[in-house]
Amino acid sequence: MIFGFGTMLLVAAAAENAKAAEGAVGVYLLGARGPMAGFTPPPGLYFQDDTYFYDGKIGGGRTLPFGGLLVANVSATTWMNLPTTIWVTPAKIFGGDLAFSATVPTFGEPRVNAGLLVNSPRLGPIGANVSDSELNVSDFLVSSFVGWHSGNFHWQLGVSGIIPSGSYVVGQLSNASLNRPGVDIYGALTWLDPTIGVDLSMAMGATFNQTNRATDYKTGDEFHLEWAASKYITKEFTVGLVGYYYQQFTGDSGSGARLGSFEGRVIALGGTVGYTFEVGKLPISTRIKVYREFDAQNRMEGTSGFFTVSLPLAADSSVKPMSSAIKAKF
């Protein structure tokens, strides 16, 4: 590690080149919704487990705020496991099914490398080529939504709340928790034609962030759009295309936002495969989604992926795999 006044000048110069939201990531995981985004299953209790992976970087001497630090030339590899329980109640609101979900905090291990680092009580004084990797706990996510069905159309309106887990450490580059409370409002729509086995889905939402009190940094509010087009090749197997678009529409603020206000953007395209099978009479759905980002501004740019497993927990014989509704002749 190299220290000294020359390194300080490099950091100061980098701060003039770019500005970024705290950690250069949002509390909403882009790409989380895909095929069947607007579909609400019958009343019952369900479980979904997502394993999330992201590998990205932001170079060119551009500076980011991480854990209360200023870092430049950052690359990060992150994995997290996100178990979610979903309860679709028998209650109706305006003819739609009322549902609730909760994602409990779980472990993740972000591995962050920085070309330049401002003074850190954990990692030492101003230096070059530092890295940090800690296994720590992510945040809570609680949601409520209402889902409707009409012929081939299925749609949802919902709201989610992000609750910090309390595991955030100031001065640590590797934090699975962002310590940033927030509210996400979204709508999702799916058109599924069971006669031809085609699913077209879209989800759109806005995240309203609150202040990270540990760093006095308020990230601006964010818009996100996701879409998916998939085809049933058999009643159990689907393939398709997926993508997302992200745009921050208000700037950052607070005394911790030492780089000033900014509005980030990123676009991603990718593919997905899904497979549904039964263990006894229990339907289990699996899906892989992979996204490649491009045209990033004031954000990291990289590759993300999801491996999702979902199944009903309720002992209800009326709950069938979605593939049972597909009538297309393959």
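Of everything in the stretch 53-69, what is crowded, with 20+ Cβ neighbours inside 10 Å and at pLDDT 70 or above? Give them in sequence order.
Correct list: Y54, G56, I58.
Identify the residue in the stretch 178-216 that is buried (at least 23 other Cβ atoms within 10 Å of the Cβ) and of a type in the set (D, E, K, R) and, among all such residues, is nearest to G251 (Cα to Cα).
Out of the qualifying residues, it is R180.
Tally the residues that are under 29 Å from N209 (Cβ atoms) and of a type in the set (F, W, Y), restricting the search to the stretch 149-171.
The qualifying residues number 2.
Specify which of the listed residues (A114, A99, A76, A91) is closer than 28 Å to K218 by Cα and modelled with pLDDT of 70 or more.
After applying the criteria, what remains is A76.
Restricting attention to the stretch 205-243, which residues are in contact (Cβ under 8 Å) with a residue 60 or more places away in the chain and polar (S, T, N, Q)?
Within the stretch 205-243, T207, N209, N212, T215, T219, S230, T234, T238 qualify.
If G95 passes every condition in (1) surrounded by 15 or more Cβ atoms within 10 Å (Cβ to Cβ); (2) on the phi > 0 side of the Ramachandran plot but one, which one does it miss?
Status for G95: all satisfied but (1).
Scan the stretch 173-189 residue by residue and report those that are assigned to a strand (DSSP E or B), touching a residue at least 60 places away in the same chain (Cβ under 8 Å) and more than 15 Å from A32 (Cα to Cα).
Listed by number, the list holds a single entry, G182.
Considering only the stretch 150-172, state which residues are out of contact with any Gly (no Cβ under 7 Å at 6 or more places or on another chain), outside any loop (DSSP other than H, G, I, E, B) and crowded, with 16+ Cβ neighbours inside 10 Å.
Passing the criteria: G158, S160.
Considering every residue within the stretch 130-137, establish whether at least one is surrounded by fewer than 17 Cβ atoms within 10 Å (Cβ to Cβ), in contact (Cβ under 8 Å) with a residue 60 or more places away in the chain, assigned to a strand (DSSP E or B) and not β-branched (V, I, T).
no
Quick one: is K235 touching a helix residue (DSSP H, G or I) at 6+ places or on another chain (Cβ under 7 Å), farther than 23 Å from S304 by Cα and surrounded by 16 or more Cβ atoms within 10 Å (Cβ to Cβ)?
Here the answer is yes, as K235 does meet what is asked.
The values are calculated or read from the model by the stated rules, or taken from the named source; none is laboratory data. For clarity, every value in this text was computed on a predicted model and none was experimentally measured. Backbone-built Cβ (ideal geometry, glycine too); neighbour counts: all protein chains shown.
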